[in-house]
Amino acid sequence: MPRDASGTYTLPIAPFVPLTLAKSAEVNAALSDIADALTDSQSRASPTPAQGDLNMNGNNITNLGAVVGDLNATDDIIAGRNIGSVGNLDAGVDVLAGRNIGAAGDIDAGVNLNAGANITAPGTATVGTLSAASATVSGTLTAGGASIPGVVTAGALVSTGNTTTVSLGVSGNATVSGALNANGPSTITGDFGVTGILTVNGPARLNNGLRLNGISPYPDNASSIAAGHVVADVYFNTTSNALSLVL
């Protein structure tokens with residue numbers, strides 16, 4: 001099966017000459033070689049699994065249907081619309097979609113996970129930076145930081161950077177190492193720990209504990225204001241040994 005570096009097939013023998021004797025051995029050898037070449041080519045219907053990697057040489061895959069099974073990439077996964085996987089969705093670097101990102105299993109991105117619309121996974125989601133209109137993860141949502149103008153719903157939240165969202169719903173524990181900004185109602189069933197600044201512009205319901213490691217101590221309201229606090233900020237009042245609001 002002679003194929004050149006570009007994959008061009010050529011017959012193994014010279015072309016037959018008109019009005020000359022066709023020898024069966026040569027004809028059968030040529031036909032056998034053609035049959036072998038067709039067997040080694042990818043069928044349009046793909047009745048059997050591929051036996052090697054498909055090198056697209058930088059070309060696009062267009063009109064792709066659902067990925068049945070795990071979707072794994074050592075580099076970026078980029079789509080103008082939706083990304084969906086019946087199994088796990090794993091990328092070594094970024095996962096970027098113009099609309100939705102969904103997986104029946106876990107979602108893992110080495111760096112960024114960005115969606116123009118929603119991110120949904122019944123398993124876990126582990127990313128560097130999370131950016132989406134909303135995120136629903138039944139397992140643990142782990143991110144270096146998150147920017148979500150919609151609702152975050154997760155079994156647990158672990159953010160090692162700053163997190164911004166409209167509303168936060170966590171059925172387990174929520175831990176944010178940076179600042180957390182929630183512009184709507186938020187509910188956390190488990191423990192809630194924020195080492196940076198916590199800003200909640202709507203009602204906040206905590207069904208277990210609240211850990212505030214960044215509360216500054218001041219002896220009175222005036223000292224807190226002098227340090228830069230504004231009305232409604234919380235500080236630890238060393239005089240009363242209690243949390244106080246700046247008035």
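The values are calculated or read from the model by the stated rules, or taken from the named source; none is laboratory data. If you're wondering where the values come from, they're calculated on a predicted model, not measured in any experiment. Every residue, glycine as well, gets a Cβ built from its backbone with ideal geometry; the counts of neighbours run over all protein chains shown.
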Inset, instruction - Of the conditions (1) in a strand (DSSP E or B); (2) surrounded by fewer than 17 Cβ atoms within 10 Å (Cβ to Cβ), GLY202 clears all except one; give me its number. - result: (1)
Inset, instruction - Please enumerate the residues belonging to the range 111-158 that are closer than 17 Å to LEU96 by Cα, in a strand (DSSP E or B) and among the small types (Gly, Ala, Ser). - result: ALA115, ALA121, ALA125, GLY128, SER131, SER134, ALA135, ALA143, GLY144, GLY145, ALA146, SER147
Legend entry - Residue count for the range 108-133, restricted to those that are closer than 18 Å to VAL176 by Cβ and surrounded by fewer than 19 Cβ atoms within 10 Å (Cβ to Cβ): 2
Legend entry - the range 2-41, subset within 44 Å of the chain's Cα centre (by Cα) and of a type in the set (Val, Ile, Thr), residue nearest to ASN57 (Cα to Cα): THR8
Inset, instruction - Considering every residue within the range 140-159, establish whether at least one is outside the structural domain of ALA121 (by TED's automatic domain parsing), over 19 Å from the mean Cα position of the chain (by Cα) and not charged (D, E, K, R). - result: no
Legend entry - Sole exception among (1) in contact with a Lys or Arg (Cβ under 9 Å, 6 or more places away or on another chain); (2) surrounded by 15 or more Cβ atoms within 10 Å (Cβ to Cβ); (3) small (Gly, Ala, Ser); (4) assigned by TED's automatic domain parsing to the domain that holds ALA125 for ALA37, by number: (4)
Inset, instruction - Take the range 165-187 and flag every residue that is part of a strand (DSSP E or B) and farther than 20 Å from ILE215 by Cα. - result: THR165, VAL166, SER167, LEU168, GLY169, VAL170, SER186, THR187
Legend entry - Number of the condition not met by ASP233 [criteria: (1) among the charged types (D, E, K, R); (2) loosely packed, with under 15 Cβ neighbours inside 10 Å; (3) at pLDDT below 85]: (2)
Inset, instruction - Please work out which residue is surrounded by the most Cβ atoms within 10 Å (Cβ to Cβ), limiting yourself to the range 72-86 and to residues that are of a type outside the set (A, V, I, L, M, F, W, C) and over 20 Å from ASP53 (Cα atoms). - result: GLY84
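Among what's in the range 1-40 and is in a helix (DSSP H, G or I) and of a type outside the set (A, V, I, L, M), pick the residue that is farthest from ASN55 (Cα to Cα).
SER24
In the same structural domain as PHE16 (by TED's automatic domain parsing), on the phi < 0 side of the Ramachandran plot and either loosely packed, with under 10 Cβ neighbours inside 10 Å or among the hydroxyl-bearing types (Ser, Thr, Tyr) (or both), is that true of SER32?
Against the criterion (in the same structural domain as PHE16 (by TED's automatic domain parsing), on the phi < 0 side of the Ramachandran plot and either loosely packed, with under 10 Cβ neighbours inside 10 Å or among the hydroxyl-bearing types (Ser, Thr, Tyr) (or both)), SER32 qualifies.
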Inset, instruction - Specify the residue that is modelled with the highest pLDDT; the eligible residues are those in the range 40-73 that are touching a strand residue (DSSP E or B) at 6+ places or on another chain (Cβ under 9 Å) and among the aliphatic types (A, V, I, L, M). - result: ALA73
Inset, instruction - For LEU243, state whether it is modelled with pLDDT of 80 or more, touching a helix residue (DSSP H, G or I) at 6+ places or on another chain (Cβ under 7 Å) and surrounded by fewer than 16 Cβ atoms within 10 Å (Cβ to Cβ). - result: no
